[in-house]
Every structure is written in C-alpha cells, then in structure tokens.
Amino acid sequence: MKHLQQTLFNLYIEIRKFIINIIFLTKNTLLVIMPGCCAFGCSNRSENGFILKVFPTDKVRRALWASKVKRDKWKPTNNSYLCENN
Ligand SMILES: [Zn+2]
C-alpha cells in the first residue's frame with residue numbers, strides 16, 4: 001500500500017511538471033504572437049490594440065524602416081515589428 005502511495009505521489013509530481021511546462025510554453029508563444037514595437041521610445045504593443053507589422057524582407061524597404069526605429073547600431077531581425085504610428 002505504501003508503495004502505491006509513493007507511485008501516485010511521483011505521478012502527481014510528473015503531472016505538475018507537465019502542466020507548468022505547458023503554461024510556460026503558452027506564455028512564450030503569446031509573446032511571439034503579441035509583439036511590441038521596436039522603435040525608440042515607443043512601447044505600443046499589439047495587445048493594446050496597435051497594429052504591428054513585421055519588417056519587410058526587401059533590403060531597401062527594410063533599411064527605410066530601420067531608419068524610423070532611431071536606434072544606434074540596431075539591425076532588424078525577422079522577429080522585429082514596427083507599429084502603425086512609426
Ligand atoms: Zn511604435
């Protein structure tokens with residue numbers, strides 16, 4: 001009987017770890033889905049109702065966008081976003 005209790009307890013711990021992992025993963029995913037604006041001094045985020053657009057892959061347009069960010073030595077990545085105000 002004691003052995004069974006131990007097994008159940010271990011199972012409980014494993015399930016808890018599993019649930020915590022799922023919550024953590026969901027949080028990370030939400031952060032990716034709900035990006036913030038990368039422009040200097042701008043903290044607009046998509047969850048606050050702003051429309052954020054990912055940087056274009058086209059070099060010329062990308063450079064134009066990067067100039068609006070007004071950050072020194074900053075380079076846009078494929079995960080960089082700019083809000084509609086910039
Ligand atoms: Zn912005």
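The values are calculated or read from the model by the stated rules, or taken from the named source; none is laboratory data. Because the structure is a prediction, the values reported are computed rather than measured. Quick reminder, even Gly has a Cβ in these numbers, built from the backbone with ideal geometry, and neighbours come from all protein chains shown.
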Next item on the list: Please determine, by comparing only the residues of the stretch 59-73 that are in contact (Cβ under 8 Å) with a residue 12 or more places away in the chain and over 21 Å from residue 47 (Cβ atoms), which one is surrounded by the most Cβ atoms within 10 Å (Cβ to Cβ).
Entry: 65
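Residues 18, 50: which one is at pLDDT 90 or above and in a loop (DSSP other than H, G, I, E, B)?
Values: 18 fails: in a loop (DSSP other than H, G, I, E, B).
Unique residue meeting the criteria: 50.
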